[in-house]
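Undergrad: Quick one: this structure, given as structure tokens, is what I'll be asking you about.
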Amino acid sequence: MEYTHQSIEQKWQKFWADQQTYKTSESTDKPKYYVLDMFPYPSGAGLHVGHPLGYIASDIFARYKRLKGFNVLHPMGYDSFGLPAEQYAIQTGQHPAITTAANIKRYREQLDNIGFSFDWSREVRTSEPEYYRWTQWIFMQLFNAWYNTDTDRAESIDTLVAKFEENGSAGIHAVADDDTQEFTAAAWKNFTEAEQQRELLKYRLAFLRESTVNWCPALGTVLANDEVINGVSERGGFPVEQKKMMQWSMRITAYADRLLRGLDTIDWPEPLVEMQRNWIGKSVGASVKFPVPQLEENIEVFTTRVDTIFGVSFVVLAPEHELVTALTTADQKATVEAYIEKTAKKSELDRMADAKTVSGAFTGSYAKHPITGEDVQIWIADYVLASYGTGAVMAVPSGDQRDYLFAKHFNLPIVPISDTQNIEEQADPNKDGKYINSDFINGMTYQEAVPALIERLESLKLGKAKINFRMRDAIFGRQRYWGEPVPVYFKDGLPYLIKEEELPLLLPEVDKYLPTETGEPPLGRAENWKYQDQYEYELSTMPGWAGSSWYWFRYMDPKNEGYFASPEAVAYWKSVDLYIGGSEHATGHLLYARFCNKFLKDLGFHNEEEPFKKLINQGMIQGRSNFVYRVLDNEGRGTNQFVSLGLKDQYQVNPLHVDVNIVQNDILDLEKFKASRPDYADAEFILENGKYICGTEVEKMSKSKFNVVNPDDIIEQYGADTLRLYEMFLGPLEQAKPWNTNGIEGVYKFLRKVWRLFHDAEGNFHVSDEEPTKAEYKALHKIIKKVEEDIERFSFNTSVSAFMICVNELTDLKTNKRKILQDLLVVLQPYAPHITEELWSQLGNPAGSISYATFPTFNPEYLVESEFAYPVSINGKMKMNLPLALDLDQAAVETIVKENPEVQRLLDGKAIKKMIFVKGKIINIVV
Ligand code: ANZ
């Protein structure tokens, strides 16, 4: 029988599905291991060969762990709420649920073709009510919680209410809005219900707040910062504006420090950890107040360099700062207003990016320096961001680059802060310049000056130490249809949760997936959609990341109706041991998921501070485009002639993308090319050596570049096992690499060689029970060792080449010994599950059992060399090689050497005076 991948692969895929081979349960005494893939958004285009790269790697690992005796959880599902399905619904009127279901069906077929060992009984879909009821439930827990900085965790809002009832707001240390009130217990009790609710909203972890948002008119929704790239939407590239709106937000900032600390405890790629660190952006500094006596106000600034305070020559407010109007004098009014109008057009990102152009306006007012009491001018400028720190800075031109440029431009004083000559090094705490201009800190080091100044400012009640985070609270609302409804209704303008037993709050039907005529989100179109027939529901839906922020828990216990996952399941599976996915989720999904995990831990639902112990980013598979060269006529118009790559420089040509699927090894299939488009039907070719060679280029894999390769086509031709091996063979998992089908034949050939080890020349299955030779054991144990080491360090590409070497060795040795081949199958199974399953069952093992076989134990003895070819020298001159067993002692060796005819010939009758013997190294005869 020949190796026929189609029938073998279909047979075993059906078997695994029918037998539920990969169904996982918790009732086992094996240790657990949780391997998770970032679940896909099922788009209409289906999978291309780049998508499964990470899934293949994680599947190899999951299969390997099973062979190593672990109870492996390896699930898959769909992140199925989101914009593309909704955009499509708007264009076609098709309900997004229908297109989503169709896309999922196609994804599932494609995934099944690759032979993954997913436990499909645990599949989740974030857009299904059984799933999103728990997303809504988690939202309710967040609404009902506050962050107590004394206990450093989230607590039920009831504990806050109890404190208010007992002591009022005194002694509360919470992460909350800036405008919380101070009140006594008695005052709290006298608040109306609405007043109490309004106050509590300032503490809740899911809360409503007016915020400046990235509003994308073309998409009709608000976007998160990480969905806006260079001022346009990541999806679609539409312009994005800044707009103030009442928005649901998540108080993720409460977790900033824990999110930061947790990074030291997990095994993630360093660049990713660095991105999260920067995103969280912890700054240790001080907040300092500059009094404005005429307004009886203070301008509060945040600075990381309080030691530069004697170099302050002005203060700068963000144009949006609330004091700007009051501070602006009559003669500066026109200038200030014109400036504000100008900057309102710029987004925060533009403002940060534009560090070179200096702009600003003087308010006409002065503030007092907190320590010297001197007057300092108050300016506004857009390099100060309203949303960071306090939205105001103390400007130190001799210390800060932007302040320096600003002072130069507007001719403001530049006051030196140290005796360092080089202005660039003035404010560098590591340089040995001495502070000047102040009797207070002159002579101190930076380390001494900072605490001294903070103490002084505290005693003046004009400053304190402060830690600032760059991270903002996360906006948690979309004015879109295809997302989770927020389980909230409004009474007297205030939000209230629906009851837990009313979950899920189903997504209502609407006539169109567009905003209402009055600009309400699409849910505003739902008819008779009111809570208790009278109260308005929240009309925005949850953002794309809501469902993916906790999904790994649902896989642990996907059908549970009483819990998002039962305490037993969570106690067993704990957290994800290995997570594989793309680096594009570095600051979105991976931060929100960590946040959600910490929150659920605080509420006592599980005990793991971090959800993903180890994380690997698979590199992107790029497309490898092919080109044909259309010959142009004298006027530069395209002709119907196409010239091969090597001859194209002799003509004036226009390169055109050609579908990579009609090109093999860069040689164009001429007939398929002619058939591919009507205008190519009469194409003529200028060939080289009878062939049309295409040009190539590495680009993003995309339809428009005709370089998309569908895994289904590869599988049809070569099989899933070849695809799996080949994807790994392309290079290190974490590296970006182009897809190039040119080498796939070699991998296919390798599998045919594996097949042939088990079959005789006539193609009959033929395996012997004889004891293997040392050389055969050696080949086997080399591969056992190599694959085990490679998989443990996620180096999958190197295993593939080692397999090839091993099978070549065994072929040369004409191996067909059961003892060797059986173990070889187990080692190869994670990479090539179908062919190994087939041969395993042909060996007489029970069907399906190779997945749960035992990974063979490496025995180093087989790799120990038992013989050594000794270089034999006579009087120091190397004369010959003599292979001898390594366990011989000196006496035995001397006897053998003396009797060796070749040695006797070389000695030519001379007597041996001495023989020097170093085991495993040399034999030296002295005559
Ligand atoms: C005086 C000073 C002197 C500063 C000096 C720096 C160097 P990070 O590390 O990013 O937290 N700053 C504060 N709030 C700002 C805002 N809303 N927009 C723009 N800049 C702001 O940086 C904090 C520093 O950035 C602060 O320390 C402040 O300038 C500025 F030699 O204060 B510094």
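Undergrad: Working carefully through the options Ala318, Ala254, Ala286, find the one that is away from the ligand (no atom under 16 Å from the Cβ) and crowded, with 23+ Cβ neighbours inside 10 Å.
TA: The match here is Ala254.
Undergrad: Which of the residues that make up the stretch 497-518 are closer than 20 Å to Cys216 by Cβ and under 35 Å from the mean Cα position of the chain (by Cα)?
TA: Of everything in the stretch 497-518, those that are closer than 20 Å to Cys216 by Cβ and under 35 Å from the mean Cα position of the chain (by Cα) turn out to be Lys512, Tyr513, Leu514, Pro515.
Undergrad: What is the residue count in the stretch 879-924 for residues that are assigned to a loop (DSSP other than H, G, I, E, B) and among the charged types (D, E, K, R)?
TA: Residues that pass the stated criteria total 7.
Undergrad: Would the stretch 523-532 turn up any residue that is out of contact with any Ser or Thr (no Cβ under 7 Å at 6 or more places or on another chain), part of a loop (DSSP other than H, G, I, E, B), at negative phi and open to solvent by less than 30 Å² (accessible area, probe 1.4 Å)?
TA: Within the stretch 523-532, one or more residues are out of contact with any Ser or Thr (no Cβ under 7 Å at 6 or more places or on another chain), part of a loop (DSSP other than H, G, I, E, B), at negative phi and open to solvent by less than 30 Å² (accessible area, probe 1.4 Å).
Undergrad: While we're on this one: Inspect all residues belonging to the stretch 79-91 and state whether any of them is modelled with pLDDT of 95 or more and either under 30 Å from Gln822 (Cβ atoms) or among the hydroxyl-bearing types (Ser, Thr, Tyr) (or both).
TA: Yes.
Undergrad: Restricting to the stretch 366-384, name every residue that is more than 12 Å from the ligand (Cβ to nearest atom), touching a Lys or Arg at 6+ places or on another chain (Cβ under 8 Å) and of a type outside the set (Val, Ile, Thr).
TA: Pro370, Glu374, Asp375
Undergrad: Taking the stated definitions as given, is Tyr22 touching a helix residue (DSSP H, G or I) at 6+ places or on another chain (Cβ under 6 Å), hydroxyl-bearing (Ser, Thr, Tyr) and open to solvent by less than 40 Å² (accessible area, probe 1.4 Å)?
TA: It is false that Tyr22 is touching a helix residue (DSSP H, G or I) at 6+ places or on another chain (Cβ under 6 Å), hydroxyl-bearing (Ser, Thr, Tyr) and open to solvent by less than 40 Å² (accessible area, probe 1.4 Å).
Undergrad: Any chance you could count how many residues in the stretch 909-926 are under 10 Å from Ile874 (Cβ atoms) and either at pLDDT below 90 or exposed (fewer than 14 other Cβ atoms within 10 Å of the Cβ) (or both)?
TA: Residues meeting the conditions: 2.
Undergrad: How about the stretch 385-410: which of its residues are of a type in the set (Ser, Thr, Tyr) and within 6 Å of the ligand (Cβ to nearest atom)?
TA: Scanning the stretch 385-410 gives a single hit, Tyr388.
Undergrad: Restricting attention to the stretch 467-492, report how many residues are basic (Lys, Arg) and surrounded by fewer than 20 Cβ atoms within 10 Å (Cβ to Cβ).
TA: The total comes to 3.
Undergrad: Another question about this same structure. Could you list, in sequence order, all residues of the stretch 267-294 that are without any contact (Cβ under 8 Å) to a residue 40 or more places away in the chain and farther than 22 Å from Ile467 by Cα? Write out each step before concluding.
TA: Taking the stretch 267-294 as the starting set, the residues that turn out to be without any contact (Cβ under 8 Å) to a residue 40 or more places away in the chain are 270, 273-274, 277.
Listed by number, the list holds a single entry, Glu270.
Undergrad: Follow-up. From the list Tyr88, Tyr34, Tyr64, pick out the single residue that is in contact with a Ser or Thr (Cβ under 8 Å, 6 or more places away or on another chain) and either part of a loop (DSSP other than H, G, I, E, B) or open to solvent by less than 10 Å² (accessible area, probe 1.4 Å) (or both). Reasoning before the result, please.
TA: On the way: Tyr88 fails: either part of a loop (DSSP other than H, G, I, E, B) or open to solvent by less than 10 Å² (accessible area, probe 1.4 Å) (or both); Tyr64 fails: in contact with a Ser or Thr (Cβ under 8 Å, 6 or more places away or on another chain).
From the options Tyr88, Tyr34, Tyr64, the qualifying one is Tyr34.
Undergrad: So, one more: Does the stretch 154-164 contain at least one residue that is closer than 29 Å to Glu320 by Cα and either outside the structural domain of Ala344 (by TED's automatic domain parsing) or hydroxyl-bearing (Ser, Thr, Tyr) (or both)?
TA: Restricting attention to the stretch 154-164, the residues satisfying the condition of being closer than 29 Å to Glu320 by Cα are none.
Looking through the stretch 154-164, none of the residues is closer than 29 Å to Glu320 by Cα and either outside the structural domain of Ala344 (by TED's automatic domain parsing) or hydroxyl-bearing (Ser, Thr, Tyr) (or both).
Undergrad: Is the stretch 171-179 home to any residue that is in contact (Cβ under 8 Å) with a residue 24 or more places away in the chain, part of a helix (DSSP H, G or I) and either more than 23 Å from Ser548 (Cα to Cα) or in the same structural domain as Pro239 (by TED's automatic domain parsing) (or both)?
TA: No, because not a single residue in the stretch 171-179 is in contact (Cβ under 8 Å) with a residue 24 or more places away in the chain, part of a helix (DSSP H, G or I) and either more than 23 Å from Ser548 (Cα to Cα) or in the same structural domain as Pro239 (by TED's automatic domain parsing) (or both).
Undergrad: Taking the stretch 271-283 as the search range and keeping residues that are within 17 Å of His589 (Cα to Cα) and open to solvent by 80 Å² or more (accessible area, probe 1.4 Å), which one is farthest from the ligand (Cβ to nearest atom)?
TA: Out of the qualifying residues, it is Pro271.
Undergrad: Could you tell me which numbered condition Pro508 fails, if it satisfies all but one of (1) open to solvent by 20 Å² or more (accessible area, probe 1.4 Å); (2) farther than 28 Å from Ile252 by Cβ; (3) assigned to a loop (DSSP other than H, G, I, E, B)?
TA: All conditions pass for Pro508, except number (1).
Undergrad: Do you know which residues across the stretch 157-171 are open to solvent by less than 30 Å² (accessible area, probe 1.4 Å) and under 14 Å from Arg204 (Cβ atoms)?
TA: Hits for the stretch 157-171 are Ile157, Leu160, Phe164.
The values are calculated or read from the model by the stated rules, or taken from the named source; none is laboratory data. Please read these numbers as outputs of a predicted model, since none were measured by experiment. Cβ sites come from the backbone with ideal geometry, for glycine too, and all protein chains shown count toward neighbours. The area values use the complete protein model at the heavy-atom level, side chains included, leaving out ligands, DNA and RNA. Shrake-Rupley method; radii C 1.70, N 1.55, O 1.52, S 1.80 Å.
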